[in-house]
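Asker: Supplied in structure tokens, the structure appears directly below.
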Amino acid sequence: MTSSPVSLLEQDAVGVLRIRNPPVNALSPAVVQGLLDGLAAFERKPDLQALVVHCEGSTFVAGGDIASFQDPAFSAGPLNQFLGRLEAQRRPVVAALHGTVLGGGLELALACHWRIAAPNTRVGQPEVKLGLIPGSLGTQRLPRLAGAELALDLMSTGAMLDAQHALAADIVDELSDGSVLEAALVRARDLAAHPENIRRVSTLRVDTTALRPDFIQKARAHAQQQPNYPALDSIVTAVEAAIALPFGEGEQVEAREFAKCLRSPQSQAMRHLFFAERQAAKIPGLPASTPLRDIRSVGVVGAGTMGCGIAITFANAGFPVTLVEATQAALDRGLGIIRGSYEATAAKGRLTAKEVADRLALVMTSLAYDDLAGCDLVIEAVFEDMALKQDIARRLGAVCKPGAIIATNTSTLDVDQIAAATGRPADVVGMHFFSPAHVMRLLEVVRGAATAPDVLGTVMKLAARIGKVAVVSGVCYGFIGNRMAEVYMREAEFLLLEGATPAQVDGAVEALGFAMGPCRMLDMAGIDVGAKTVIELGKTGGLPNDAAYRAVVQKLFALGRFGQKTGSGYYRYEGRKPVASEETSEICEALGRELGVARRSEIPADEIVERLLFGMVNEGARILEEGIAYRAGDIDVVWTAGYGFPDHRGGPMHMANAVGLAHVVDRLDHYARVRGNAHGYWTVSPLLRSLAAEPSVLSGPSRPACAFR
Ligand code: 3H9
């Protein structure tokens, strides 16, 4: 028999309902049952004066157990029944808070009569980040305590408040300096002596005195501007109910909206990503107990946009950084970029002058590789040129101290060849940052053939310290992200040759929620950068024997249309605004004619979406087949955290599961028939074909749990 994660202890005539459910004391069905049992035991002990709810470990309850939401039989009913009974207790109930009091955790605290918080406490309702609304009366109790405006803001953004702000907002009643449990016991006894100070939040009314009359109307209009996130509208509905209806009726509104959100494809996708991001940090076969290397100082070679972004990332996390360049002019330019970036952040009020000064003080510059000798990690971030990268690798191999990690920020090149040049390939790993490096969340960590397990483990751990979501990729052209992006861009360009405009191509995927379509993306990243990558790949024999392959980007490059930075690329730019370019259409038409590509007067948006995305899914399946990615979820994390794939669609592989793998395969076969398959573009990956044939998968799109998970 397993023991319950909840126990009722007694301390000086006060009951302590103690939750022990590591790592974050999530409200699993077993915890909820334990709470119900514990409360029943308390009710059988009239000699106890009061009850304290307390959690063991690093945090109070951080939310409902997200994994249990997958169970079709999941219901918030038992938890809500417990919370109702808890609040209705005649003897005082005190919540002793510490750590991250989130979602169902905050809702548990709000059902108590008093909340006392340790200084490290943060509170929030982050359900919206999972495509949900608070489902245990948070939408009804929080506005009654904190006011409708703040409550709506917290629920719509998922932002957290620290203990001081939570106190100011009346969400907690008191802060404790020492042991929060001891303080809660003292407060519980005090409330037992002064029951008139007990406050039951459900009995309060939402204070509307300072609320604008059009508050709900405006909030709804704002929510409806984001139809891909229906939880936002549900939150407004629930808050409106909190303002206008008695608690019991508001409860029903919340239950209805929560159930609707829980079933929504958006929430399923966002919950998938929650676990996929955490799973991605785990390296199969690497025990958690593996001793890791100590990283205290970092070197960066190359002070271009990428190198500077990397330096900012580490300085932001408190690491001293040594930035090395070949010339003083390049160093000065780099330092200018870094200073400019900090000043822009400060101008937006996100950094104080002191913080800017402190961070700048962490960045040292040098022209000498010898100055990297003391660094624990050195990242090479020069442009994509194998000979140059190998030359730097040789120098780093000689100068870096034993045990230091040498990383390359290459986005496409063979990490093993770079590693070999260092003479110590076990110390080498790829760290592929995305531009701007200090903004983008994704870090692709490239595992070379010889990369030592502790190097990989160290870099994955370090990624969390610098605020990145890291995904491991094996060595192949473009790793996970850029290899798939190559297929995406291939089809985008073929469509342009066939007669689609950049706006049509971009519009088709932007309508799905993509941050930007492929043409805008490459215009921003730089047509020159994109074209050079294709040209370099050609030199290594990596291109198909197809003159039309990525012909558009190469043509635009040859014409000096480098994208946003030169004012024209796929689009023409008015400032930063892309405008349809007649010239691009003419260039594509002429190129198409030259290459013998048949033009069509109309290309449906569905075809654009399928060719861009299903082709990419097929490449993702190959990446899995070859063991380049450990799991399909890793691919989804790469695309949502690094390439603007909409989180409410869960990434390409989740999306493929949701639409049905058999359908994806059917359409790939269709394009092989209608477009021809001389170059193998539409050859279905054996893994994808075999998964699509599985009866469980064929049972329909309502079964996303199979296949690529
Ligand atoms: C909710 O509450 C709905 C209610 O309104 C209604 C209910 C009826 N469930 O992030 P970390 C696991 S919705 C299950 O790496 P950190 C996580 O998977 C929920 N598991 O640590 C990981 O497992 P593993 C509202 C959870 O220190 C481990 O804990 N709450 C949950 O960087 C460590 O996680 C939220 O949305 C959970 N709720 O950050 C809060 N939370 O080690 C979501 C965590 O096996 N959680 N795990 O990979 C977080 O934001 C962060 O985890 C937290 C800790 C800040 C708590």
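Asker: Restricting to DSSP H runs of at least four residues, report the calculated mean residue ellipticity at 222 nm for the chain, -39500 (n - 2.57) per run over all residues, nearest 500 deg cm²/dmol.
Answerer: -14500 deg cm²/dmol
Asker: May I pose another question? Just how large is the dipole of region 298-473 about the Cα centre, in debye to the nearest 20, putting +1 at every Lys and Arg Cβ and -1 at every Asp and Glu Cβ?
Answerer: That gives a dipole near 540 debye.
Asker: Further, regarding this structure: Find the relative contact order for region 298-473 and round it to a whole percent, using C-alpha pairs within less than 8 Å whose residues are 6+ positions apart.
Answerer: Result for region 298-473 is 20 percent.
Asker: Can you find, among Leu443, His663, Leu36, the residue farthest towards the positive end of the dipole of the chain? Put +1 on the C-beta of Lys and Arg, -1 on that of Asp and Glu.
Answerer: The one lying farthest along the dipole's positive direction is Leu36.
Asker: May I pose another question? Summing +1 for each Lys or Arg and -1 for each Asp or Glu, what net charge is found among the other residues whose Cβ lies under 12 Å from the Cβ of Ala449?
Answerer: Result for the neighbourhood of Ala449: -1.
Asker: What does a probe at Asp371 reach in region 389-411, counting residues whose amide N is under 17 Å from the point 7 Å along Cα→Cβ?
Answerer: Label zone hits: 396, 399-401.
Asker: How do 433-445, 592-604 rank on mean C-beta neighbours within 10 Å, highest first?
Answerer: Highest to lowest by the protection proxy: 433-445, 592-604.
Asker: Based on the Cβ-Cβ distance from Glu355 to Phe383, what FRET efficiency comes out when R0 is 25 Å, to the nearest 0.05?
Answerer: With R0 = 25 Å, the Cβ-Cβ based efficiency is 0.20.
Asker: So, one more: Taking the mean number of other Cβ atoms within 10 Å as a proxy for protection, how do you rank 631-637, 380-386 from highest to lowest?
Answerer: 631-637, 380-386
Asker: For the chain, what is the percent of antiparallel DSSP beta bridges, rounded to the nearest 5?
Answerer: Taking every DSSP beta bridge within the chain, about 30 percent pair in antiparallel fashion.
Asker: Still on this model: So if I place +1 on the C-beta of Lys and Arg and -1 on the C-beta of Asp and Glu, and nothing else carries charge, what would the dipole magnitude of the chain be about its Cα centre? I want it in debye, nearest 20.
Answerer: Computed about the Cα centre, the dipole is about 320 debye.
Asker: Along the charge dipole of region 336-412, Cβ charges K/R +1 and D/E -1, which of Thr412, Ala357, Cys400 sits furthest on the positive end?
Answerer: Ala357
Asker: Same structure, new question: Points 7 angstrom from Cα along the Cβ direction at Arg85 and Ala511: gap in nanometres?
Answerer: Inter-label distance under the simple model: 5.2 nm.
Asker: Sort region 195-240 into rounded, prolate or oblate with this rule: let a ≥ b ≥ c be the square roots of the eigenvalues of the Cα gyration tensor; rounded if a/c is under 1.5, and if a/c is not under 1.5, prolate when a/b is larger than b/c, oblate otherwise.
Answerer: oblate
Asker: Let me ask you something else. Can you give the local net charge around Ala629? Use residues other than it whose beta-carbon is closer than 12 angstrom to its beta-carbon, Lys and Arg +1, Asp and Glu -1.
Answerer: Local net charge: -2.
Asker: Could you order peptides 63-73, 669-679, 230-240 by the average number of other Cβ atoms within 10 Å of their residues, highest first?
Answerer: Highest-to-lowest ranking by the protection proxy: 230-240, 63-73, 669-679.
Asker: Something else: Kindly list the residues of region 490-510 that lie in the label zone of Arg599, defined by a backbone N under 18 Å from the point 7 Å along the Cα-to-C-beta vector.
Answerer: 493-505
Each reported figure results from applying straightforward, stated rules to the coordinates on display, with no laboratory input. These numbers come from a predicted model, not from an experiment. Reconstructed Cβ throughout: ideal geometry from the backbone, glycine too, with neighbour counts over all protein chains shown.
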